[in-house]
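K.L.:
Structure in structure tokens, see below.
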Amino acid sequence: MNRGLAILLIVGILSLVGARLPAADAPSEFGVNVILWFDTEDYLLPADDDATKRLAELLSARGVRATFKLVGEKARVLEQRGRTDVIAALKKHDIGYHANFHSVHPTPSEYLAECGLLDGIGEFVRREGGGAADVRRIFGVPTLSCYGQPGSSWGPQTIAGLKQIGVAPHGIPCYVDEGDHVGLGGKPFWYEGALVV
Ligand SMILES: [Zn+2]
């Protein structure tokens, strides 16, 4: 997902939350939790490094901890460009994973199209496992909180493979994305040991 879409999504989430809030003059009994997540994926444009840092620091300064889902190649170019400042700014937040190369073909749904479940899990682990390990290493985090599909590139094998591209015993415990093709009654659900949100 590009940054514009990510921002739109957040605005959408906030709008939804807002729509469910009681009227301003009605007493509220319930707290509202808002989750912010950002696809962190532009590894081509160096200016994105600065934009990412600015966003991370803007949130940190306000005491807001968000989830940044890193593409493996984005983590590697941050390391290659010596952007330890960007990495440090991001490390104040929760770090997730957003595929090894995002939209480079074949994407997960393309390379999984002819696979069954078990060979598809193997293919997903083979193609995406290295990127997850790179993100863990570069950010110095013991585990990654979540995996989000790149674009709309979904496959059931990806969820089932999260245990293997993460650190034992739980792997990457959560699958997140906003695509309406990934859902079960609009509510979170468990599949193959991962919480799908
Ligand atoms: Zn994305």
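Here, each number is a calculation from the coordinates, and none is a lab measurement. Small disclaimer: the values here were computed from a predicted structure and weren't measured. Positions of Cβ are generated from backbone atoms using ideal geometry, with glycine treated the same way; all protein chains shown enter the neighbour counts.
K.L.:
Looking only at 179, 31, 122, which one moves most when the chain is put into a Gaussian network model with springs between Cα atoms under 10 Å?
P.N.:
Ranking 179, 31, 122 by mean-square fluctuation puts 31 first.
K.L.:
Apply the Kirkwood formula to the chain: the hydrodynamic radius equals the inverse of the mean of 1/r over all pairs of different alpha-carbon atoms; give it in Å with one decimal.
P.N.:
17.5
K.L.:
Among 86, 34, 141, which one shows the biggest mean-square fluctuation in a GNM of the chain, springs joining Cα atoms closer than 10 Å?
P.N.:
Checking each option, the largest mean-square fluctuation is seen for 34.
K.L.:
Here is a further query. Hey, can you grab everything whose amide H is under 5 Å from the amide H of residue 39? Only 5+ residues off in sequence or another chain; H modelled, so Pro and N-termini drop out.
P.N.:
Those qualifying (amide H under 5 Å, at least 5 residues apart or on another chain) are 69.
K.L.:
Under a Cβ-Cβ limit of 4.7 Å, which cysteines in the chain have nobody to pair with?
P.N.:
115
K.L.:
Only Cα pairs within less than 10 Å get springs; with that Gaussian network setup on the chain, which residue of 75, 51, 99 has the largest fluctuation?
P.N.:
Looking only at 75, 51, 99, the largest GNM fluctuation is found for 51.
K.L.:
Might you report the magnitude of the Cβ-based charge dipole of the chain about its Cα centre, with Lys and Arg at +1 and Asp and Glu at -1, to the nearest 20 debye?
P.N.:
Magnitude of the dipole: close to 600 debye.
K.L.:
Given points 7 Å out from each Cα along the Cα-Cβ axis, report the residue 103 to residue 180 separation in nanometres with one decimal.
P.N.:
Once both label points are built, they end up 2.1 nm from each other.
K.L.:
Kindly rank 184-191, 43-50 from highest to lowest mean number of other beta carbons found within 10 Å of each residue.
P.N.:
Order by mean packing, descending: 43-50, 184-191.
K.L.:
Something else: Restricting to lysine pairs 8 or more places apart or on different chains, what number in the chain have Cα atoms under 14 Å apart?
P.N.:
6
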